[in-house]
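Trainee: Okay, here's the structure, questions in a sec.
The values are calculated or read from the model by the stated rules, or taken from the named source; none is laboratory data. As the structure is a computational prediction, the values presented were derived from the model and not from experiment. These accessible areas exclude ligands, DNA and RNA; they are computed on the full protein's heavy atoms, side chains included. Shrake-Rupley method; radii C 1.70, N 1.55, O 1.52, S 1.80 Å.
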Amino acid sequence: MQDTTKRTVRTVLQTTVGVAVVLPEIVSASGVPESLPWVVGALAVAGGLARVMALPGVQGLLPSWLRTDSGARE
């Protein structure tokens, strides 16, 4: 799998996890002003997960199709 494809899959996975964390609050929110903090929360979770997934130790634990570090173990 190409590196760009791996990065895209990782981004989708990270964003999905971030949105899933706050989805109940987004659904229960009645308007944009109420849901805005939850969108920020989803983005923060996705960004934090992206940072953790970029750590060399975590790279070695990921399946090969999610690794972007060529030095990680196979």
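Trainee: For ALA29, work out the one condition from (1) open to solvent by 70 Å² or more (accessible area, probe 1.4 Å); (2) modelled with pLDDT under 70 it doesn't fulfil.
Mentor: (1)
Trainee: Hey, another quick one. Do you know which of the residues in the range 1-19 that are open to solvent by less than 70 Å² (accessible area, probe 1.4 Å) and of a type in the set (D, E, K, R) is farthest from VAL40 (Cα to Cα)?
Mentor: Only one residue fits best here, namely ASP3.
Trainee: Considering the range 40-74 alone, what residues qualify as being aliphatic (A, V, I, L, M), at pLDDT 75 or above and assigned to a helix (DSSP H, G or I)?
Mentor: Those that are aliphatic (A, V, I, L, M), at pLDDT 75 or above and assigned to a helix (DSSP H, G or I): ALA44, VAL45, ALA46, LEU49, ALA50, VAL52, MET53, VAL58, LEU61.
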